[in-house]
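Worksheet: the structure to be examined is printed underneath.
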Amino acid sequence: MCDRSAQKKTSGYKSILIRSQASNSSVSSWSCVCWLDPVGLLPDQLVLLLEHLLEQKTLNPRTLQSLERTYHLPQQDAEVRHRWCELIVKHKYTKAYKDVERFLQEDQAMGVYLYGELMLSEDARQQQVARRCFELTRERMDRSSAEVVAEMLF
């Protein structure tokens, strides 16, 4: 009945089954997230959906790709894109690292927390993204934010 992420569309709603633990194949370990089609979804609703997904232990890359395409996440407002970037970092969704880079370069004030997440991940590629973005934006950042990020990175 279900794959790691199974999608079903019914009467204006889209639902997705998400397995919360990779080692357990029992259907009872899955959670269902339902969302409206993107036409009527407000940014605050997207933020709530993404925050719920951030609580999931694991997400399949196909699930993340589906979310990205369905909701055009890279084109949303800064609050939505911030949550999207958190999902990218948490689940090491490398296909969307360009979205993290863009966020760190365009939304420097909100990006400070994300720099911390990238460095705490202990993933060499994510740390490289953080350092590269900081070098590109350091001169445009306000002084206190630049100092905080520099301490995290070096």
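Yes or no, residue by residue, for (1) on the phi < 0 side of the Ramachandran plot; (2) surrounded by fewer than 17 Cβ atoms within 10 Å (Cβ to Cβ); (3) touching a helix residue (DSSP H, G or I) at 6+ places or on another chain (Cβ under 8 Å):
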| site | (1), (2), (3) |
| --- | --- |
| 88 | yes, no, yes |
| 123 | yes, yes, no |
| 136 | yes, yes, yes |
| 154 | yes, yes, no |
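Within the bounds of the range 73-82, is there any residue that is basic (Lys, Arg) and open to solvent by 30 Å² or more (accessible area, probe 1.4 Å)?
Within the range 73-82, none of the residues are basic (Lys, Arg) and open to solvent by 30 Å² or more (accessible area, probe 1.4 Å).
The values are calculated or read from the model by the stated rules, or taken from the named source; none is laboratory data. Predicted model, so just to flag it, every value in this text is computed and none were measured. All Cβ positions, even for glycine, are placed from backbone atoms using ideal geometry, and neighbour counts span all protein chains on display. To get the accessible areas, we keep the full protein, side chains included, count just its heavy atoms, and leave off ligands, DNA and RNA. Shrake-Rupley method; radii C 1.70, N 1.55, O 1.52, S 1.80 Å.
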